[in-house]
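A short worksheet on the structure shown next.
Every read-out reported here was derived from the displayed coordinates using simple, explicitly stated rules and does not represent laboratory data. Quick caveat, the model's predicted, so the values are computed rather than measured. Cβ atoms come from the backbone with ideal geometry, glycine included; neighbour counts cover every protein chain shown.
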Amino acid sequence: MRRLLALVPLAAALAACTPSHPPASPPPATDGVAPPLAPAAAPDAQALAASGWQLDSAVDRAGQRIDALFPAPDRHLQLEFADGRVSVSGGCNRMSGDYTLAGDRLAVGPLGRTKMFCGGGALMAADDAIAARLSAGGTLASGGDGTLVLTTDAGDRLGFSGTPTAQTRHGGTGERVFLEVAPERVACHHPLIPDFRCLHVREVKYDAGGLKSGQGEWQFFYGEIEGYTHQQGVRNVLRVNRFDVADPPADGSSVAWVLDMVVESETVTP
C-alpha cells in the first residue's frame, strides 16, 4: 500500500486612522464592528487574487453590526478572487460568480451555489446575507495594512483581512486532484507519533462531462489537508490543489495539499 505525505498546515484587524484629536488610550474595536478606515486606495485584480479575504467586521449605514454575516464564532465568511470570478465560503454553501472591477467600483453577477442543506439556520442565512451585499454592488478600497473594505450602495461597510493564498505562498497554480476521504481514520505507522491514525484516501477521476470515470487504491494519508477538518463518520470527496514545496524542512513533506472545495459529503452509518 503506497503512502502519501502531507504538510502540517500553516488576520490582521483593520487599522484606525489617526483622528484630529486622538484620545490618550483609544478603546479596542468591538468584534464585528468596523473601525475608522485606514488610508486606502482602489485595489486591482492581481492584488485581490493574491489573498483570501476573511470578513472581520460589518456594519450597516447606521453603524449597527450586521449579525447575519457572523453565523458562528468559529465560522468566518471569506472571499477569493481569481480569473474574473469571486467565490464565497464559510457559510453553508460555497458560492461563486463573475465579477468586474472598474477603478474602485465592484460589480458581481449572479452567484451559483452548491446544494448542501444546513438546517435552514444561521449558516444558510449568512449565505443569503453576503450574496445580497455582493450582488447589490459597491466600492472596494484596500489599505496598506493588508485590509480590504467593501462599501455597498446601501451604505453597509464590510471589512476584510487578507491572507496570502496557497498559490501566492507556493508560487504556482498547483495540480488539481480529487480525493475521496473515508469516513473513519485508520491505524497507520508513524515514526514519531505512537498510535497514529491516518486519513484513508483514494484518488477519484472525472471525465470531461464531470462524471466519475475511475478511482485509485485506498492509501494512508499522513498529516492533514490545509483547510479541511475531518469529521468521524462522514465520507467526503474533496477537490484539492497539490503543490510542490520549495526547500521543505528536514522533517517536513515536499508536497502541500490545500482544500479547494468539498464536492460530495455523506454521513455513513457504522
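Beyond 20 Å, what share of the Cα-Cα pairs of the stretch 40-164 remains, rounded to the nearest whole percent? Intermediate results must be reported in sequence, preceding the final value.
Details: 2870 of 7750 pairs.
Everything past 20 Å amounts to 37 percent.
Calculate one ³J(HN,Hα) per residue across the stretch 161-176 by plugging θ = phi - 60° into the Karplus curve 6.51 cos²θ - 1.76 cosθ + 1.60, and present them in order as whole Hz with x for glycine and proline.
10, x, 10, x, 6, 4, 4, 5, 5, 9, x, x, 8, x, 10, 7
How big is the equivalent ellipsoid of the stretch 169-267 along its three axes, where each semi-axis is √(5λ) from the Cα gyration tensor, reported in whole Å from largest to smallest? Intermediate values should be presented prior to the final figure.
Numbers: eigenvalues 98, 77, 26 Å².
Result for the stretch 169-267: semi-axes of 22, 20, 11 Å.
Could I have the simple spin-label model distance between Glu175 and Ala102, label points 7 Å from Cα toward Cβ, reported in nm to one decimal?
4.3
Would you kindly state how much longer the chain becomes between Arg239 and Ala154 on full extension, computed as 0.36 nm times their sequence separation minus their alpha carbon distance, in nm to one decimal? Don't jump to the answer; show the numbers that get you there.
Values: separation 85, 0.36 × 85 = 30.60 nm, distance 3.60 nm.
Full extension from Arg239 to Ala154 adds 27.0 nm.
Distance in nm between label sites at Ala250 and Thr139, each 7 Å beyond Cα in the beta-carbon direction?
Here the modelled spin labels are 5.5 nm apart.
Quote to one decimal, in nm, the extra length available between Arg197 and Asp128 on full extension: 0.36 nm per residue of separation minus the C-alpha distance between them.
Details: separation 69, 0.36 × 69 = 24.84 nm, distance 3.81 nm.
Gain on extension, Arg197 to Asp128, equals 21.0 nm.
Rounded to whole Å and ordered largest first, report the semi-axes of the equivalent ellipsoid of the stretch 97-155 derived from its Cα gyration tensor (root of 5λ).
25, 14, 11
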